[in-house]
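Participant: Input: one structure, supplied below.
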Amino acid sequence: MQRRHFLQALQAGLGLGALAATGIARAAQAGTGQSGADTYRLFHSALRRDPALAVYAGVEGSQQGQAVVEGRLPADLRGAFYRNGPGRFELGGERYRHWFDGDGFVQRWYIDGGRVTHRGRFVDTRKFVDESAAGQFLYPAFGTHVARRGFRDNDSMNAANTNLLPFGGKLYALWEGGSATEIDPDTLATGGIKTWRNDLQAMPFSAHPKIAPDGTLWNFGALPGSDRLALYRIGRDGSVLQAGMIELPKLALLHDFAVSERHLIFVVPPYDIRDDSELSLAERHIWAGSGSQARPTRVVVVAKDTLAVRRVFDLPPRMVFHFGNAWDEAGGAVTHFDLVLHDGDELAALGHVMEGVREPNRPAAHRAVRVTLDYASGRAATATLLDGAEFPRVMPQVVGQRHRRLAVLSSDRRNQSLALDTVNVVNVDTGQADSWRFGAGWRVEEHVLVPRQGARTELDGYLVGVAQDTAKGASVLTVFDAARVSAGPLALARLPYRTPHCFHGNFLAA
Ligand SMILES: [Fe+2]
């Protein structure tokens, strides 16, 4: 890999590079104010009728508090549960048009001695600081076209809102379009942009890195519209062990991937990228998976040792955000992985919640699926694990290895609107689910599997997450025995306030 290639990719940026030169000129005629104000009015009108929509409302300032514990917290569960999600959607009377656009609000739930304390604050990104000072949105967001101010690079737009990852003794707020942002593990104060190597400055670094059991980190950076995909392997000390760039025609949004012992597995949904700098990046993604010209979803397998494409498989056209895990069999002749496949263009559907429109619940439209790739035949076989699923996770010690359990949320069929209300640990060999439904008025966020010290099996540990009690306007930390989810939570730790709904997080044992 020659370093100049990274610099070329950087110029392309998120496919938004063309805006950079014209952003200042366009600022005077920024026609986005109207739609942002319309979205604001629609949402607040809907929120008055439906208070549960508060999970899509923002917060102001920072939060700090003590939770009231119901049940009993396990004595051997000690540490920080770090989480991240969008916390500011509105400024100057305008509201973002997509859930992914809000500024990052990082949180730390600390569990120790039967007590739970909580802290949350906004990440002081350059974007957050500039826009707070201006009292209005200035820079383009993923799903909202804003062009009031020109920008220097991808990090000018960095919302740092997707994941909060402990790695190598440090803590990073992640956003897939630009750099990781260093965060103080105790105070959550913002350190600054992390540059892994000088030539990688402001490169996209996805919010879903995979940390192998040996402590090294694999990640990618997607450049929709540039047809290039950056790959990284980073050591525990922060050094770049491998970096590469592969050409991938028709590359669209890539949000997550899976890592096996020998392979990196990417799934590319069929989108065309419209070349229109008046639109946001989300709006420029045109679904190409239906009609007579429908294209397949591609599974692109990259060999870890060479960072070259080994094989491309076709799946029926589906959208994907999240993966569980991958593992190789038969000396690398077969790879298995699990992920959640969505019917159709989920990117557009996710935008409507910002207007206060609840999506109908269609459990068959988003399924956890196991895929088996056979390199000799070129065939990809799929088997459904669970309907209505999202946010898959596995135990950290099985990343890239044979795994047997998948933690995943789901939306019960009794639920009228698309709100995840059930936690599950699924046996990926049989599809059998061990489940607990929180019930009406609850909105469940991603749950993670936390091993007990010296755990021998994937069931030897806890399932830890956050659930929003929308009837009471309160956020609750949840702890289940990973082997007995259907027995209900071991403990619930209830805050006296509501925290922003997070996308992703990770537990760091004390
Ligand atoms: Fe994600």
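The values are calculated or read from the model by the stated rules, or taken from the named source; none is laboratory data. Since we're looking at a predicted model, the values are computed, not measured. Using ideal geometry, Cβ is built from the backbone for each residue, glycine included, and neighbour counts are taken over all protein chains shown.
Participant: Counting only residues that are part of a loop (DSSP other than H, G, I, E, B) and among the small types (Gly, Ala, Ser), which one in segment 208-226 is farthest from LYS250 (Cα to Cα)?
Facilitator: GLY215
Participant: Also, I was wondering about something else. Among the listed residues ARG121, ARG148, which satisfies the condition of being touching a Leu at 6+ places or on another chain (Cβ under 6 Å), assigned to a loop (DSSP other than H, G, I, E, B) and among the basic types (Lys, Arg)?
Facilitator: That would be ARG148, the only listed residue that is touching a Leu at 6+ places or on another chain (Cβ under 6 Å), assigned to a loop (DSSP other than H, G, I, E, B) and among the basic types (Lys, Arg).
Participant: So, one more: I'm told LEU409 meets every condition in (1) more than 21 Å from TYR82 (Cα to Cα); (2) touching a His at 6+ places or on another chain (Cβ under 7 Å); (3) of a type outside the set (Gly, Ala, Ser); (4) without any contact (Cβ under 8 Å) to a residue 60 or more places away in the chain except one. Can you identify the failing condition by its number?
Facilitator: Looking at each condition in turn, LEU409 falls short on (1).
Participant: Does any residue of segment 127-137 turn out to be within 16 Å of the ligand (Cβ to nearest atom) and under 21 Å from the mean Cα position of the chain (by Cα)?
Facilitator: So far as segment 127-137 goes, no, none of its residues is within 16 Å of the ligand (Cβ to nearest atom) and under 21 Å from the mean Cα position of the chain (by Cα).
Participant: Checking ASP256 against (1) under 16 Å from the mean Cα position of the chain (by Cα); (2) part of a strand (DSSP E or B); (3) closer than 20 Å to ASN325 by Cα, which single condition isn't satisfied?
Facilitator: (2)
Participant: Where the second residue is at pLDDT 90 or above and among the polar types (S, T, N, Q) and the first is closer than 12 Å to GLY36 by Cβ and crowded, with 23+ Cβ neighbours inside 10 Å and lies in segment 141-152, which pairs have Cβ atoms under 6 Å and are six or more apart or on separate chains?
Facilitator: Note: pairs meeting the criteria are THR144/SER280; HIS145/SER280.
Results for (1) within 18 Å of LYS194 (Cα to Cα); (2) β-branched (Val, Ile, Thr); (3) touching a helix residue (DSSP H, G or I) at 6+ places or on another chain (Cβ under 8 Å), shown as yes or no for each residue.
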site	(1), (2), (3)
ARG95	no, no, yes
ASP124	yes, no, no
SER132	no, no, no
LEU138	no, no, yes
ASN154	yes, no, yes
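Participant: Here's another thing I want to ask about it. Within the set of pairs 6+ apart or on separate chains, which have a first residue in segment 322-341 that is more than 15 Å from ALA381 (Cβ to Cβ) and within 16 Å of the ligand (Cβ to nearest atom), a second that is of a type in the set (Gly, Ala, Ser) and in a strand (DSSP E or B), and C-beta atoms under 7 Å apart?
Facilitator: PHE323/ALA258; ASN325/ALA258; VAL340/ALA368; VAL340/ALA389
Participant: Also: Taking interchain pairs and intrachain pairs at least six residues apart, which have beta carbon atoms under 9 angstrom, with the first residue in segment 373-385 and on the phi > 0 side of the Ramachandran plot and the second of a type in the set (D, E, K, R)?
Facilitator: What qualifies is GLY378/ARG311; GLY378/ASP314.
Participant: Under 9 Å between Cβ atoms, which residue pairs at least 6 apart in sequence (or on different chains) link something in segment 198-213 that is under 20 Å from PHE257 (Cα atoms) and within 13 Å of the ligand (Cβ to nearest atom) with a partner that is modelled with pLDDT of 95 or more and charged (D, E, K, R)?
Facilitator: These pairs meet every condition: SER206/GLU176; SER206/ASP256; ALA207/GLU176; ALA207/ASP256; HIS208/GLU176; HIS208/ASP256.
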